[in-house]
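Reviewing the structure listed below.
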Amino acid sequence: SSGINAEWPLRPGFVLLWTACTAHKKWWPRKCNRISKKMLKRCGYQCTAPFVPDDMKPVQRDVNIPFDPITESVTISTHSVVDSGELVIQNFYDASSDSSGGVWIKFDTDIIYKIDKCQDYMSFDNPLPKDEHKYWTTKLDYAGLNVDIHCNGIEVLNFTLSDSVCTDNMDWKDFWGNPLTEMEFSRTDSATETYSISEEYEKSVGACRGGASPEDNGGRLEYKDTSCKSRCDDDPDCAGFTPGDTGCETYTSLGAVGDGRGSFSCYMKVTI
């Protein structure tokens, strides 16, 4: 399965470029952000084309669904139109099944978003595709403190929660600061038609080591923050990361695995 919505027109030379991109390390075009910058330039159109997971299924409302924001993303489809008033409501929960915030999208006079337990409705960072049929992919970091949304393959929101932006709920850290384990489509969600939860990273025990380029500890870069997942999501040269409480590390060595130390975890981008 190509994974590309057949309703979308193909540009001249698309098939040849498609073949080159999929042959390169056997990645589908949706993984273009995980290959070299040279191939990223060649695959640029495929990287912005809407990806439709093969296992899209009818939405289940008011049901808690296992969800690991470190290793997984969620993709939904909508056919809603502007000014319909229809809503996408994705709620997240921690290990105690307590509410941990949510991501809402409203088809108002414009299409707007809300980070529940943080701020009220706002306009997206970037213009949305004009197509009525939209595929929305949401990625979060460990505790949801960064929210990244793509619509039909185009990044439309990259939102980092903080005291300066969560002005509608000064207690936002009581919700978003907890590790997330489940998600739910609210019973009042009237826009979501189908959804899929896709694996983005593979987890192994220990800090990431080895792989195709094991030199310098797999191309390790150290950071004094906890933003390595978001950083790795956005960097085509990043192969994986190791999170920490006050710092984190990224790696460029494809296929690295954890070195077995139980106090660390290695997350490597999934390849196809």
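The values are calculated or read from the model by the stated rules, or taken from the named source; none is laboratory data. Quick caveat, the model's predicted, so the values are computed rather than measured. Cβ coordinates were reconstructed from backbone atoms using ideal geometry, including for glycine residues, and neighbour counts include every protein chain displayed. Note: areas computed on protein heavy atoms with side chains; ligands, DNA, RNA excluded. Shrake-Rupley method; radii C 1.70, N 1.55, O 1.52, S 1.80 Å.
I'd like to check one number: the per residue accessible area of region 92-170, probe 1.4 Å, reported in Å² as a whole number.
On a per-residue basis, 41 Å².
Report the local net charge at Ile112: Lys and Arg +1, Asp and Glu -1, summed over other residues whose C-beta lies under 10 Å from its C-beta.
-1
Do any trypsin sites (Lys or Arg not before Pro) in region 188-222 lie in a DSSP loop with no more than 15 other beta carbon atoms within 10 Å, and if so, which?
When the trypsin sites (Lys or Arg not before Pro) of region 188-222 are filtered for loop state and at most 15 Cβ neighbours within 10 Å, nothing remains.
DSSP loop trypsin sites (Lys or Arg not before Pro) in region 130-199 with at most 15 other Cβ atoms within 10 Å of their Cβ, which ones?
Lys130, Arg187
Sort all Cα-Cα distances of region 56-215 into consecutive 5 angstrom bins from zero, then give the percent of pairs in each bin up to the one containing the longest distance.
Going out from 0 Å in 5 Å bins, region 56-215 shows 2, 9, 17, 22, 20, 14, 8, 4, 3, 1, 0 percent.
By the scheme Lys and Arg +1, Asp and Glu -1, what is the net charge of all other residues having a beta-carbon under 9 Å from that of Ala207?
So the surrounding residues net to +1.
Whole Å is fine, so just give me how far the alpha carbon centre of region 238-272 lies from that of region 194-209.
Cα centres, region 238-272 to region 194-209: 10 Å.
For region 47-108, treating each Cα as an identical point scatterer without solvent, what Debye log10 I(q)/I(0) comes out at q = 0.16, 0.21, 0.25 1/Å?
Those come out to -0.70, -1.12, -1.31, one per q.
What Kirkwood Rh does region 104-188 have if only Cα atoms enter the pairwise 1/r average? Answer in Å.
For region 104-188, the Kirkwood estimate is 13.8 Å.
If we count every other residue with Cβ under 14 angstrom of Glu193's Cβ, Lys/Arg +1 and Asp/Glu -1, where does the sum land?
Combined, the nearby Lys, Arg, Asp and Glu give 0.
Consider all pairwise Cα distances in region 193-272 and report the whole-number % of them above 22 Å.
The share of Cα pairs beyond 22 Å in region 193-272 comes to 18 percent.
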